[in-house]
1. Kindly list the number of the only condition in (1) under 19 Å from Ser64 (Cβ atoms); (2) charged (D, E, K, R); (3) at pLDDT 85 or above that fails for Arg109.
2. Could you tell me how many of the residues in segment 171-196 are at pLDDT 75 or above and open to solvent by less than 100 Å² (accessible area, probe 1.4 Å)?
3. Taking the stated definitions as given, is Val120 farther than 20 Å from Ser38 by Cα and either modelled with pLDDT of 75 or more or surrounded by fewer than 15 Cβ atoms within 10 Å (Cβ to Cβ) (or both)?
4. Pairs please, first residue from segment 20-44 and at pLDDT below 90, second anywhere and acidic (Asp, Glu) and surrounded by 10 or more Cβ atoms within 10 Å (Cβ to Cβ), Cβ atoms under 7 Å, 6+ apart in sequence or on different chains.
5. Would you call Thr89 over 16 Å from Val37 (Cα atoms), in a loop (DSSP other than H, G, I, E, B), over 12 Å from the mean Cα position of the chain (by Cα) and β-branched (Val, Ile, Thr)?
6. Tally time: how many residues in segment 80-122 are in contact with a Lys or Arg (Cβ under 8 Å, 6 or more places away or on another chain) and among the hydrophobic types (A, V, I, L, M, F, W, C)?
7. Working only within segment 36-67, note down all residues that are within 19 Å of Asn139 (Cβ to Cβ), open to solvent by 30 Å² or more (accessible area, probe 1.4 Å) and not charged (D, E, K, R).
8. Regarding segment 149-167, can at least one residue be identified that is open to solvent by 70 Å² or more (accessible area, probe 1.4 Å) and at pLDDT 80 or above?
Amino acid sequence: MRRRWPVGVGGALLGVVLSASPATSRSTSPPEVVIEVSPASSQLVLGGSVDLTVRVTNSGSTASAPMVLHLDVTDVAAPGSVDPEDWTTTLTKPLGVVAPGATESVRWRVQPISGGAFSVYAVALPDRAGVDGRVASSNLALIQAATRRSLNPQGVLPVSLAVPGLVGILLLRSVRRRRGSRSAVSVGSGPGIGDP
């Protein structure tokens, strides 16, 4: 029994020493990352697009880990109905390290494929596993896409009406000229009065 008792006490002391060791405790807190998507609200007609700016600010005193930004879209009225890959060419963009007090910006062009009110947000993820388990997320940016269809989309109505009208007028003139020239030929070539 005497042999087991010192080993047990030694193991307990070793556990206390390791738990108090600087290698296992965090001496500095991780940086605070704030993400903002702007504009906070956008209105457009279906088929249009909006340019979003995602700003990532490191308000902490230490540099952030290398990060990537991920953009997501949700329809609050019908969760799970939006496929964000249909809205933009890429959902994830590299951000890298953000220095203390610095702000980095990334731009996204999004184009709704259906009408309604949608919430767009961004999250910052570590670019490799095991860096930090926390995820920073942005505000919700509202995009309202109207399904109203214009009678004159992109101002082409005058052209689409004028071109067929002009072609019709030219064809009508051509037909009248041909008829006029035929009647003149037939009148001039017929027998005159007094001809035998």
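1. The number of the failed condition is (1).
2. Residues meeting the conditions: 3.
3. No; evaluated as a whole, the condition is false for this residue.
4. Pairs that qualify, where the first residue is at pLDDT below 90 and the partner is acidic (Asp, Glu) and surrounded by 10 or more Cβ atoms within 10 Å (Cβ to Cβ), are Pro30/Asp132.
5. The answer is no for Thr89.
6. 2
7. Listed by number, the residues that qualify are Pro39, Ala40, Ser41, Gln43, Thr57, Ser59.
8. Within segment 149-167, none of the residues are open to solvent by 70 Å² or more (accessible area, probe 1.4 Å) and at pLDDT 80 or above.
The values are calculated or read from the model by the stated rules, or taken from the named source; none is laboratory data. What you are looking at is a predicted structure, and each value in this text was computed from that prediction instead of being measured. Every residue, glycine as well, gets a Cβ built from its backbone with ideal geometry; the counts of neighbours run over all protein chains shown. All accessible areas refer to the heavy atoms of the entire protein, side chains included, with ligands and DNA or RNA removed. Shrake-Rupley method; radii C 1.70, N 1.55, O 1.52, S 1.80 Å.
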